[in-house]
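The values are calculated or read from the model by the stated rules, or taken from the named source; none is laboratory data. Source: prediction; values computed, not measured. Neighbour counts run over all protein chains shown; Cβ positions are idealised from the backbone, glycine included. All accessible areas refer to the heavy atoms of the entire protein, side chains included, with ligands and DNA or RNA removed. Shrake-Rupley method; radii C 1.70, N 1.55, O 1.52, S 1.80 Å.
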Amino acid sequence: NNDKPYDLFVKQQIAGDEYDPDSDESMIATAFLRVGPEAGPGELDRLDELDDLIVTTSLTYMGVTVGCARCHDHKFDPIAQKDYYRMQAVFWPTRRAQYPLAPADEVAVNRAERRRLDELIEPLQEEKKQIEAPYLQIIIDREVTKLPEYLQIAYHTPAEERTEGQRLNVVQIEDTISLASLRKLITEEHVADLMPPDVIIEHNGVKAEIQALEDRMPARLPSARVIGERGREPEPSYFLHRGSPDAKGSMMTPGVMAVASEGEWDFPEPPLDAESSWRRRGFAEWLVDESNPLTARVMVNRLWQHHFGEGIVRTPSNFGRMGIGPSHPE
């Protein structure tokens with residue numbers, strides 16, 4: 001709405017942190033990369049999270065279904081599976097971050113005070129956990145007695161003596177108990193109900209100390225969900241045969257990407273003091289390069305679609321062979 005050039009808009013959304021990390025506008029723009037599903041702790045979860053970045057970015061800016069090449073070469077468009085993993089390598093180093101929307105000095109004071117109070121609360125939380133432990137164990141043991149005999153045997157077998165199957169059984173039991181806690185089937189009140197009066201007094205005292213410190217905790221400053229990286233050197237990403245994390249192939253880097261008139265595009269080398277790999281910056285530069293017409297055509301088509309009701313290409317996110325051809329190629 002303020003006549004920002006579209007190429008700058010794209011660069012900020014893909015890599016605002018790599019262009020101007022001190023700019024609120026550039027940092028907030030990278031929230032584009034945070035609007036999809038966020039991974040759990042598993043490797044496959046992370047790969048699915050990256051897949052959403054690849055699919056959304058390629059459909060949004062390029063009108064190309066790159067995601068089809070996750071497990072095999074694209075069946076219709078000239079996109080090799082290696083191209084998918086080269087693109088994944090662009091986003092592989094990313095990490096979630098919160099960008100505070102407040103002056104730097106206010107952020108520093110807020111963080112220092114929260115850190116100080118957290119350090120005071122941590123040993124009290126551990127003390128509370130130790131008080132609760134024997135009574136929580138009573139509840140867990142009671143729940144285990146409701147399980148089939150083979151699971152009970154696995155649970156009571158010493159850890160170093162468990163078979164592989166028993167180890168998996170115990171993981172199942174622990175996950176089930178964790179789920180019960182999340183569903184409030186096992187609560188702190190259930191644990192406290194088993195405590196004798198003197199332990200309840202001790203438990204309540206520690207809880208009161210924790211609460212008093214938490215009441216002094218300064219409110220979190222407003223922040224934006226943004227993207228960042230851990231440093232200049234990115235972690236390695238791999239080609240995955242059939243898209244399986246158990247079938248790692250060669251290590252992948254973004255490599256060179258084709259540009260219509262110049263043949264190849266080399267990714268920039270980040271400066272020595274860079275806090276990121278600059279891979280997304282290189283990808284953004286390639287996307288908006290004047291010799292790469294696809295990015296501009298896709299957005300012009302979207303503007304046309306929203307103004308007139310349908311685009312020159314009626315499949316605005318698919319300019320490939322399975323999309324509908326332009327009604328007016330000229």
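Observations on the model:
- Accessible surface of the stretch 1-148 [probe 1.4 Å, protein heavy atoms]: carbon and sulfur percent: 54
- Average Cα contact separation per residue, the chain, under 8 Å, 6 or more apart, as relative contact order %: 26
- Amide H contacts under 5 Å for Leu240, placed H, 5+ residues apart: Gly249
- Geometric extent, Cα atoms of the stretch 1-57 - Rg, Dmax (angstrom): 13.3, 42
- Calculated semi-axes √(5λ) of the Cα gyration tensor in Å (choose from [x] 49, 28, 19; [y] 79, 28, 17; [z] 30, 24, 23), label: [x]
- With the convex hull of its Cα atoms as the shape, the stretch 1-119 has an orientation-averaged projected area of 10.0 nm².
- Applying both filters, DSSP loop and at most 15 other Cβ atoms within 10 Å, to the GluC sites (Glu not before Pro) of the stretch 274-321 gives Glu275, Glu290, Glu310.
- For the stretch 76-229, averaging the sequence separation of C-alpha pairs within contact (under 8 Å, six or more residues apart) and dividing by the residue count gives a relative contact order of 53 percent.
- Solvent accessible area, Å² - Phe76, 1.4 Å probe, full protein context: 100
- Under DSSP loop assignment and at most 15 Cβ neighbours within 10 Å, longest trypsin sites (Lys or Arg not before Pro)-free interval of the chain: 231-313
- Surface per residue (accessible, 1.4 Å probe) for the stretch 1-117, Å²: 50
- When the helices of the chain are scored as -39500 (n - 2.57) per DSSP H run of n ≥ 4 and the total is divided over every residue, the value at 222 nm lands at -16000 deg cm²/dmol.
- Taking the stretch 124-215 and dividing mean pair separation by its residue count, relative contact order in percent (alpha carbons under 8 Å, at least six apart): 42
- Per-residue SASA entry for Ile28, accessible area with 1.4 Å probe, Å² rounded to 10: 80
- Accessible area (Å², 1.4 Å probe, nearest 10) - Val55: 40
- Violating pairs (Cα-Cα greater than 28 angstrom) within the set Lys128/Lys184; Lys4/Lys75; Lys146/Lys184; Lys11/Lys75: Lys4/Lys75; Lys11/Lys75
- For the chain, the longest principal axis of the alpha carbon atoms and the long axis of helix 279-288 meet at an angle near 30°.
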